[in-house]
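Some notes on the structure that comes next.
The values are calculated or read from the model by the stated rules, or taken from the named source; none is laboratory data. Owing to the predicted nature of the structure, the values given are computational and were not obtained by experimental measurement. All Cβ positions, even for glycine, are placed from backbone atoms using ideal geometry, and neighbour counts span all protein chains on display.
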Amino acid sequence: MKTLMRSWMLFFLGLMWTGSVIAVGGMTELNYMDQEATGGGYVTRYLVTDRYLRLDFGRDHDDFVLLDRKAKKVYNVSHAQQEILVFEPGEVQVKPPQNWEIKEEVLDDKGTQVHVDLLVNGTVCARIGASTKFLPDVAKALQEFHELMASTHSGTYLATPVDQRDDCDLARLILDPQHWFKFGMPLDELRNNGFSRRLLHYKEDMAIRPKAFELPEHYRMIRFKELQGAVK
């Protein structure tokens, strides 16, 4: 499960994640340093407006993932394939296992920033530093993204062999993604699978670059639901 989920996460960034409220017509940019347990670090960039959330590796010409917050759709753009994979909201097909429990333990609370351990069935899944005061609309956009993708992840989870499934992934990606934003915008995170991330820098009230949020008109559009149906 961990290996499959790691591949799934990397799929969304090259083919996934991240205050004052963003001003109408303005853009916020955040850059994180992400690192897998067995690999080198890489930059993950988020561009956020009141309408869109874009995820990429730091350059406008990269492949990217785009959340249209109004249309409630996620687009995965691959330039090499000249294809756009479209993800839509759907029903989460996975039910919580018996005796399912997710909770948190506050390690320190400085008022504007808190560090917590997030636990699922007694296992510490992640240690997170977060703030409710920092970029709340960006946190909201990220939560919207994860909640929309939960149904897609549930299908992947059900296709994963039982002995490879992981309760932490089940909680974070499918059953309770909003819990990862309960304490506000994540600033740093260390997961039990060795993945880590930390905020490098951010900018607010930037001029919007419209082309960064445009979908290439001539790329083939593929609905993921139809792709799933063809595989069954």
## Note on the structure
With the first residue restricted to the stretch 174-189 and required to be over 15 Å from Pro96 (Cα atoms) and at pLDDT 95 or above, and the second required to be in a helix (DSSP H, G or I) and of a type in the set (Val, Ile, Thr), Cβ contacts under 9 Å at 6 or more apart or on different chains are Met185/Val138
### Query
Looking at Leu187, Leu142, which one is touching a Ser or Thr at 6+ places or on another chain (Cβ under 7 Å), in a helix (DSSP H, G or I) and surrounded by 18 or more Cβ atoms within 10 Å (Cβ to Cβ)?
Leu142
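Per-residue answers, yes or no, for (1) modelled with pLDDT of 90 or more; (2) of a type in the set (Phe, Trp, Tyr); (3) crowded, with 17+ Cβ neighbours inside 10 Å:
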{"residue": "Met1", "(1), (2), (3)": "no, no, yes"}
{"residue": "Gly19", "(1), (2), (3)": "no, no, yes"}
{"residue": "Val43", "(1), (2), (3)": "yes, no, no"}
{"residue": "Thr49", "(1), (2), (3)": "yes, no, yes"}
{"residue": "Gly58", "(1), (2), (3)": "yes, no, no"}
{"residue": "Leu67", "(1), (2), (3)": "yes, no, yes"}
{"residue": "Lys95", "(1), (2), (3)": "yes, no, no"}
### Query
Can you name every residue in the stretch 59-89 that is outside any strand (DSSP E or B) and not basic (Lys, Arg)?
Asp60, His61, Asp62, Asp63, Ala71, His79, Ala80, Gln81, Gln82, Glu88, Pro89
### Query
Is there any pair linking a residue in the stretch 202-217 that is farther than 12 Å from Val77 by Cα to one that is assigned to a helix (DSSP H, G or I), with Cβ under 9 Å and at least six apart or on different chains, and which?
Tyr202/Val138
### Task
Confirm whether Thr28 is in contact with an Asp or Glu (Cβ under 9 Å, 6 or more places away or on another chain) and modelled with pLDDT of 95 or more.
yes
### Query
Only one of (1) part of a helix (DSSP H, G or I); (2) surrounded by 16 or more Cβ atoms within 10 Å (Cβ to Cβ) fails for His115. Which number is that?
(1)
### Message
With the structure loaded, tell me whether Val94 is in a loop (DSSP other than H, G, I, E, B) and hydrophobic (A, V, I, L, M, F, W, C) or whether it fails that test.
### Response
yes
